[in-house]
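Enquirer: Next up is a structure, given as structure tokens.
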Amino acid sequence: MSGTPGPILEVRDLHTQFSTLDGIVRAVDGVSFDVARGETLGIVGESGCGKSVTAMSILRLIPRETGRIASGSIRFEGEELTTLTEEEMKRLRGHRISMIFQEPMTSLNPVLTVGTQIAENVVRHLGVSWKQGRERAFEMLDLVRIADARRRLDEYPHQLSGGMRQRVMIAMALSCDPQVLIADEPTTALDVTIQAQILDLMIELKEKTGTAIVLITHDLGVVAETTERVVVMYAGRKVEQASVETLFDEPLHPYTRGLMRAIPRLDVEADAAGTRPRLQEIPGLVPILTQPIIGCAFAPRCGFATDRCRRERPPLIDAGAGHLVACWEVDRVRRAA
Amino acid sequence: MTAYIVRRLFATLPVMAVVAIFVFFLIRFAPGDPAAIIAGEDATAEAIAQVRMKLGLDRPVLEQFAIWSLQLLQGDLGISIFSNLPVTRLIAQRLEPTLALTLSTLFVAVALAVPIGVVAAWKARKLVDRLVMGFAVLGFAMPVFVLAYILIYFFAVQWRLLPVQGYAPIREGFWPFVESLILPSVALGVTYMALIARITRASMLEVLAQDYIRTANSKGLATDRVLLLHALKNAAVPIVTVIGIGIALLISGVVITETVFNIPGLGRLTVDAVLKRDYPVVQGLILVFAGAKVLVNLVIDISYAFLDSRIRY
């Protein structure tokens, strides 16, 4: 990997908004994070917290009729993406930053062969012939361990299983050796056994190619297994950020703690009656984003919330060694551990 | 694929047989007696009976049907009651203008309407889209004969750019042939175009919202490749279907268009034959039109399989 030192991707104070009949939805409301070269960053949160919109904003794939990046900066290799022309963005997409999606069943074009769909990416960005593009497609299918890759080139997506389709998506996304791969819930729609295979494959390929991965998921288990650093999002804001070890050792935001208590665990002892403690849900609902949120977005659902939480938006503070958290009551939360 | 095509070809035979049976009996049971018309208004009962015998209309219906079907299998559509010419020859004489008119209309309509629909879907809810769809509604609502007279008034009478009516066979020169087809094709094609453009737009809009289009965009593909390959190929099945259904629209439109523009085609032949109760000619024409429709459907069914590999019957 060449280029300037420093993070490959820097997102600063990103605001992405959608106009709806009910008003402006602030889907991403001032999010900042960096992605280092070759790193795996996890972005975690519930449905509707703005994590997918963040991903789509980076590639500028927000539908123009309804949504827009209202403010903020996205720098890739030091280059500002928000001011690039659409044509310049197209040169970047699928080439230097690529993306895979949640639904492998519907994300591939049903009427084009797998080979064509991979090869067109290579032909488009690397300026090679179709013959070379197909050869690259074959190499990529082989790399993602699809058996009998030569024959699969001429098959259509409906002839492949869900796991294989996601492998094809990965092959396609990595076919031009991108510097960043954004994976939006890549394993959510897959069987658990297949999930593990796909995650292992992504990590293995990352080690091989040095591609940085932004892994977007609602599944803390996936985060624990695959990522190095984690950003926790809530209601369009970043509420916590830490290395994966720190986050699981000592989650500091009440929301992150809530998420962790909602993970089923096998290592918790059953009591004398043989029952295990119930999983705890987080009470309440995600706030409606058409109203500007005053104070901390999580306050209405938070057991630690005070008047100040409801009045003033908590800034991100460094709780030590780069562990960032946006909570006024972090000391109380820490003591309550 | 070959086996599929052969199977579809064989499947058209029973359809044609049913059409033949239906046509034969429909006409027999329609009111009106051709023998009486041929014999003339003042004819005696005997004269009428004589004509009836000559035409074979006095025989039992089933016997008439047997004779007719045997001839049909040999490619003989019978002899016109009025002109005494073989029906096949009458049809062959009139085939060229109708074929030229429908094919040119089909070609021009599809070549214009599909791109228009694609652009409308791409620029959905923008000005271009609203203009196109406004014209589509207008085009769809306008009867063929009204449009035909408007076109004749401006292009032929006022500005004298094109012939008012008539048909120039292709052997008399290519340009006169094309000139004679422009106004009839436009008159006939506008409804058809409106239909195809609307379906193309609707089908494209649905496809453009699909996940695989998002994938194509995330690969940074050029807009034309996303629209014309990734989207249009998926949107094609309903479009091709409506193009096929529209052929029926064209065939009925041909009758009116040929009358307005005084083109000696199958449409005019049909009107004349029906008015005179020229049974053999009407039967022959319906069979030819039905055959054309079945053939179009066959082509469309086969095209589905090329457009989408998941489709096999």
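Enquirer: At a 10 angstrom cut-off on C-beta neighbours, averaged per residue, how do the peptides A:218-229, B:234-245 rank from highest to lowest? Don't skip to the end; give the middle numbers.
Expert: Numbers: A:218-229: 18.6, B:234-245: 20.2.
Highest mean packing first, the order is B:234-245, A:218-229.
Enquirer: Quick one: check the C-alpha center-to-center distance for the range B:163-200 versus the range A:130-172, whole angstrom.
Expert: When both Cα centres are located, 48 Å separates them.
Enquirer: Name the residue farthest towards the positive end of the dipole of chain A from the options A:Q195, A:S52, A:L9, assuming +1 on Cβ of Lys and Arg, -1 on Cβ of Asp and Glu, about the Cα centre.
Expert: So the residue we want is A:S52.
Enquirer: Something else about it: Would you work out which of B:G265, B:S309, B:G220 lies farthest towards the positive end of the dipole of chain B, given +1 charges on the beta-carbon of Lys and Arg and -1 on that of Asp and Glu, about the Cα centre?
Expert: With unit charges placed on the Cβ atoms, the residue in question is B:G220.
Enquirer: Separate question: Only residues of the range B:99-121 count here: report those whose backbone N is under 19 Å from the spot 7 Å along Cα→Cβ of B:E172, or say none.
Expert: Label zone hits: B:99-102, B:104.
Enquirer: Now for a different question. Could you compute the FRET efficiency for B:W159 and B:L85, with r as their C-beta to C-beta distance and R0 at 30 Å, rounded to 0.05? Mind dumping the intermediate values first?
Expert: On the way: r = 40 Å, r/R0 = 1.34.
Once the sixth-power term is evaluated, E becomes 0.15.
Enquirer: If you don't mind, another one. Estimate the FRET efficiency between B:A17 and B:A248 by the formula 1/(1 + (r/R0)^6), using the beta-carbon distance for r and 25 Å for R0, to the nearest 0.05.
Expert: Values: r = 20 Å, r/R0 = 0.80.
Between B:A17 and B:A248 the formula returns 0.80.
Enquirer: Would you mind working out the magnitude of the charge dipole of chain A relative to its Cα centre, with +1 at each Lys and Arg C-beta and -1 at each Asp and Glu C-beta, to the nearest 20 Debye? Let's see the in-between values first.
Expert: Values: 40 positive and 45 negative charges, 103 e Å.
Here the size comes out at about 500 debye.
Enquirer: When Cβ neighbours within 10 Å are restricted to other protein chains, what is their mean count per residue of peptide A:96-109? Working shown, then result.
Expert: Numbers: counts 1, 2, 3, 5, 2, 5, 1, 4, 1, 1, 5, 8, 4, 12.
Mean shielding count: 4.
Enquirer: Here is a further query. Could you work out the local net charge near B:F140, counting Lys and Arg as +1, Asp and Glu as -1, over the other residues with Cβ closer than 14 Å to its Cβ? The partial results should precede the final answer.
Expert: Numbers: positive: B:R198, B:R201; negative: none.
Value of the local net charge: +2.
Enquirer: Here is a follow-up. For B:I311 and B:V299 in one chain, what is 0.36 nm times their gap in residues minus the Cα-Cα distance, to one decimal in nm? Please report the intermediate quantities before stating the final value.
Expert: Values: separation 12, 0.36 × 12 = 4.32 nm, distance 1.43 nm.
Fully extending the segment from B:I311 to B:V299 adds 2.9 nm.
Enquirer: Just how far, in whole angstrom, is the range B:238-301 from the range A:47-121 if you go by their alpha carbon centroids?
Expert: 50
Enquirer: Here is a further query. Once you list every other residue whose beta carbon is under 15 Å from the beta carbon of B:N297, what net charge do they have if Lys and Arg are +1 and Asp and Glu are -1? Provide the component values of the computation, followed by the final result.
Expert: Values: positive: B:R7, B:R8, B:K293; negative: B:D301.
In short, +2.
Enquirer: Counting partner chain Cβ atoms within 10 Å of every residue's Cβ in B:220-230, what's the average?
Expert: Details: counts 17, 8, 4, 3, 0, 2, 0, 0, 0, 5, 5.
The per-residue average across the peptide is 4.
Enquirer: What does the charge dipole of chain B about its Cα centre add up to, to the nearest 20 debye, if the Cβ of each Lys and Arg holds +1 and the Cβ of each Asp and Glu holds -1? Numbers along the way, then the final one.
Expert: Details: 26 positive and 19 negative charges, 265 e Å.
Approximately 1280 debye in magnitude.
Enquirer: Straight distance only, please: which lysines reach the Cα of B:K126 with their own Cα at less than 28 Å, same-chain residues fewer than 8 apart left out?
Expert: The reachable lysines, counting only those whose Cα sits under 28 Å from B:K126, are A:K90, B:K219, B:K233.
Enquirer: Rounded to the nearest 0.05, what FRET efficiency do B:E179 and A:A147 give with R0 = 41 Å and r taken as the Cβ-Cβ distance? Could you check?
Expert: Values: r = 63 Å, r/R0 = 1.53.
The value I calculate is 0.05.
Since every read-out is calculated from the coordinates, none of them should be taken as a lab result. Not measured: the values here are computed from a predicted model. Every residue, glycine as well, gets a Cβ built from its backbone with ideal geometry; the counts of neighbours run over all protein chains shown.
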